[in-house]
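Engineer: Before I ask anything, let me first share the structure, which is written out below as structure tokens.
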Amino acid sequence: MLFYVIALLVIVMDQLSKYLIRIYIDMNETFTLWGIQLTHIENSGMAGGLFQGYARLFGVVAVLFVLGVLYIRRTGEMKGALIDSSFGFLVGGAIGNGIDRFLFGQVTDFIIRSGGILNLADHAIEMGMLLLIIYGVVNWFGIGKKQK
């Protein structure tokens, strides 16, 4: 259940924020909200603006990724709140950006960071990857497992 709640929250928050940016902020307009600098851009490529014009191809990759995660979850080999949270953030982010790619042929980005301009889906994917790494470390070292 945690997986679905996180994924759904990420999708809704991501799509709502992008909608508001597209409606109220002109392209390339920069402003500050609650101390965070924001600029409205549209990206038809992937992170960092690489491979411009391939948004729909990356949308297909997102669909395949989501199907892969659903398959892994179905096998039941990876269990627990940590991996469910990780997959929820990853799938929510992939679907959030995938919606933009299929509907608009580009992704709305607006959060300025040292590494570029991102959106909430991108940040969710980063959070999901961080949790996946933590999950891997915990399992690698057997942290939390009882010794026999």
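The values are calculated or read from the model by the stated rules, or taken from the named source; none is laboratory data. This structure is a prediction, so every number in the text was calculated from the model and none was measured. Accessible surface is based on the protein model in full, side chains and every heavy atom, while ligands, DNA and RNA are left aside. Shrake-Rupley method; radii C 1.70, N 1.55, O 1.52, S 1.80 Å.
Engineer: Of Leu70, Leu38, Leu90, which is the most mobile in a GNM of the chain whose springs link Cα atoms less than 10 angstrom apart?
Structural biologist: Taking springs between Cα atoms under 10 Å, the residue moving most is Leu70.
Engineer: Among (1) 9.7; (2) 9.1; (3) 10.3, which is the computed mean projected area of the Cα convex hull in nm²?
Structural biologist: From the options (1) 9.7; (2) 9.1; (3) 10.3, the structure gives (3).
Engineer: Could you identify which residue out of Asn97, Asn28, Asn43 has the top mean-square fluctuation in a GNM of the chain using Cα springs shorter than 10 Å?
Structural biologist: In this elastic network of the chain, the residue with the biggest mean-square fluctuation among Asn97, Asn28, Asn43 is Asn28.
Engineer: Right, here's the next one. Got a number for carbon plus sulfur as a percent of the chain's accessible area, 1.4 Å probe? Write down the numbers at each step before the final one.
Structural biologist: Numbers: 6360 of 9200 Å².
About 69 percent, which is the carbon plus sulfur part of the accessible surface.
Engineer: Under the Karplus relation 6.51 cos²θ - 1.76 cosθ + 1.60, θ = phi - 60°, what is the ordered set of whole-Hz ³J(HN,Hα) values for region 87-100, x standing for Gly and Pro?
Structural biologist: Per residue, the Karplus-derived 3J(HN,Hα) values read 5, x, 5, 5, 5, x, x, 5, 5, x, 6, x, 4, 4 Hz.
Engineer: Also, I was wondering about something else. Using a 10 angstrom cutoff on alpha carbons, build the Gaussian network for the chain and name the most mobile of Thr30, Thr39, Thr75.
Structural biologist: Thr75
Engineer: Still on this structure, please answer the following. What is the extension gain from Leu8 to Ile112, computed as 0.36 nm multiplied by their sequence separation minus the C-alpha to C-alpha distance, in nm to one decimal?
Structural biologist: This chain segment gains 35.0 nm when fully extended.
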